[in-house]
Amino acid sequence: MPSIVTAFVDLRDVHPFVKWAGGKGQLLSELDKLIPSQFNRYFEPFLGGGAMFFHLVSGGMKFNSYLSDINGELITTYTAVKDNVKEVIRVLQTYETEYKRYPSYSKEQQEYYFQLRNARNNIKSRSVVEIAALLIALNKTCFNGLYRVNRRGEFNVPPGEYKNPLICDSSNLENVSNALTGATILADDYRNVTQNAQKGDFIYLDPPYQPLNNTSYFTAYTSNGFGL
């Protein structure tokens, strides 16, 4: 009888696959002090880049998770990476190859960025894989890794200036896909999602900041923004 080989997945190095404004990656050492030693289920209703979720997973914790965000495009991307990571990687590799055909900071490279941005804004029948690959590619090449849309829902962030951006981090995307196995991923308002929480669950709430003034104002994570 042939032996059964069980694959071991090491998730110690898993980390966010997109940069998100307001992410707490640099504050995790402080947030560690607030994480309960035991909990039943994990809820992260302002998911963004998922820094806390991936931090918990990389620390070896096992739990059922409910990951959600009001940004449907972001949640579609998470779902595609979870269910179709190899296809997402394949498309991203194409984007990276095309982007890096041109010299860094060149007009041609910026023009290719605008091609990607136009594809995101104009193609109405994109597959979930294309939606995910475009969001990731734009996140890696736009100014400061921002996600910003206008009232029509069009992505309007200008190109960034990067010497050699890693557009397709295949290894981490594979790890992310494995980390998301079994997770419930929802595009929904935080008030709806947290209604299902019970005593003993851990809810990590990280909403957008209240803007201090007009120059620090940023709530354009969706076409409707965020209000009080």
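The values are calculated or read from the model by the stated rules, or taken from the named source; none is laboratory data. Small disclaimer: the values here were computed from a predicted structure and weren't measured. Reconstructed Cβ throughout: ideal geometry from the backbone, glycine too, with neighbour counts over all protein chains shown.
Mind telling me which of the residues 29, 37 ends up being small (Gly, Ala, Ser), modelled with pLDDT under 95 and in a helix (DSSP H, G or I)? Among 29, 37, only 29 is small (Gly, Ala, Ser), modelled with pLDDT under 95 and in a helix (DSSP H, G or I). Of the residues making up segment 103-130, those that are in a loop (DSSP other than H, G, I, E, B) and over 19 Å from residue 148 (Cα atoms) number 7.
Is segment 41-64 home to any residue that is under 20 Å from residue 136 (Cβ atoms), acidic (Asp, Glu) and at pLDDT 95 or above? Yes; the residues of segment 41-64 include at least one that is under 20 Å from residue 136 (Cβ atoms), acidic (Asp, Glu) and at pLDDT 95 or above. Within segment 131-168, the set of residues being in contact with a strand residue (DSSP E or B) (Cβ under 9 Å, 6 or more places away or on another chain), outside any loop (DSSP other than H, G, I, E, B) and in contact (Cβ under 8 Å) with a residue 60 or more places away in the chain comprises 135, 149. In this entry, residue 90 is excluded by the filter for residues that are assigned to a loop (DSSP other than H, G, I, E, B) and within 28 Å of residue 126 (Cβ to Cβ). Go through segment 122-139 and count every residue that is out of contact with any helix residue (DSSP H, G or I) (no Cβ under 9 Å at 6 or more places or on another chain) and at pLDDT 95 or above. Count: 0. Residues of segment 164-193 that are β-branched (Val, Ile, Thr), more than 15 Å from the chain's Cα centre (by Cα) and buried (at least 16 other Cβ atoms within 10 Å of the Cβ): 193 alone. One residue stands out in segment 37-55 among those that are over 15 Å from residue 17 (Cα atoms) and without any contact (Cβ under 8 Å) to a residue 40 or more places away in the chain: the one that is surrounded by the fewest Cβ atoms within 10 Å (Cβ to Cβ), namely 37.
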